[in-house]
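Step one of this worksheet: look at the structure below.
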Amino acid sequence: MLSALPSSAVVLDSGDRVLRASSAARAFGLVRGEELVIGELLTLARKVRRDGVIRETDIEVAVRKFGPDATSFAVRVAPLGGTGLVLVLAEDQTEHRRVEAVRRDFVANISHELKTPVGALSLLAETVQDASDDPEAVRRFTGRMQTEASRLTAVIQDLITLSRIQGAEPIAEPAPVDLGSIVEEAIDTVRMPADAKGIELVGSGAEGLTVLGDEAMLGTALRNLIANAVAYSPKNTRVAVSVGTSRSSVDISVADQGIGIPQQDLERIFERFYRVDAARSRATGGTGLGLAIVKHIMTHHRGEVTVWSKEGSGSTFTLRLPRPESRELDATRNDNHQETAQ
């Protein structure tokens, strides 16, 4: 029975000696030999043995050699009949709590991101109402309202996109995607804001290359990277989109001559709503979701997104996708493995 339980399970005799322990209990380090090594659990077991009352608690245990610094357990301790035996069940809650923390952070972040433009719209509407007899002020404030409304629309659209991508399964039957047309379309989409800043957009190396995937998703990922490069680049600079190949991958790189990213921020820039410079991001109209969307798109394509950056020297983001030949070879190997197993 203990081996069938998903939780860590330990049975103690009347002298606190371990009679039985599941493999999970030993793997987590709760049990060593015939001893329950967590003092808090041992104290709880003695109380249960004394009064026969089932007890529950949550504990943090820093006993794992590898993995997180501490493991969170939901513990339930119960007597086994009247023989002095006690059953200790400890369920690992670490991942569940991590997901809950991510969810809470997401709710807090999205509440803030939506509240800012909504509050601005409300305030501007009141101002317009008070300035109804001043046409120039009305024009100025309604222009601001349009800007805030556009920002709100962008946040909502990115949330919808991110939710759709996160809920999707990895692409089971990818289709051939022409990289030349993807690069050209992505550059054309961003050309207007680039021209407004005098930024030169250049694409190279994509002619005749194809990958397997979802054309719309890959276009979204590339557009987000180019739009970011334009937004964070000074006037009269250059953004280059280049495509190259290696033995196992096709790499699409977007390089800019912008402000760069501090080293300590590089590991977090793909988190939802994480901004290196919040004030600058809002000034450029960023939602804080673009790079998170890129990361999820690459995950669904069994690829990855990497970044090189140095403050004052610009940044280079690279989409690394499996070459079609590599994916076909992997599929063949999987088929052969299944046939061998059968």
What are the residues whose amide H is under 5 Å from the amide H of residue 85, where those residues sit 5 or more places off or on another chain and H is modelled from the backbone?
80
Dipole of the range 2-92, Cα-centred, from +1 at each Lys and Arg C-beta and -1 at each Asp and Glu C-beta, to the nearest 20 debye?
260
Mean separation of Cα pairs under 8 Å and 6+ residues apart, divided by the residue count of the range 116-251: what relative contact order is that in percent?
22
So residue 60 and residue 307, fully extended at 0.36 nm per residue minus their Cα-Cα distance, gain in nm 85.4 nm
Could you check the simple spin-label distance between residue 46 and residue 115, using points 7 Å along Cα→Cβ, in nm with one decimal?
4.8
Take every Cα pair under 8 Å in the range 2-92 that's 6+ residues apart, average their separations, divide by the length, and report that relative contact order as a whole percent.
31
Can you tell me the FRET efficiency between residue 99 and residue 191 if r is taken as the Cβ-Cβ distance and R0 is 45 Å, rounded to the nearest 0.05?
0.65
Which distance in nm do the two modelled labels at residue 14 and residue 175 give, with both placed 7 Å along the Cα-to-Cβ direction?
7.4
Among the lysines, which fall within straight-line cross-link reach of residue 310, defined as a Cα-Cα distance under 20 Å, with same-chain neighbours fewer than 8 residues apart omitted?
235
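Read the figures in this text as sums done on the coordinates, not as results from a lab. What you see is a predicted model, and the numbers here were worked out from it, not measured in a lab. Ideal geometry is used to build each Cβ from the backbone, glycine not excepted, and the neighbour counts take in all protein chains shown.
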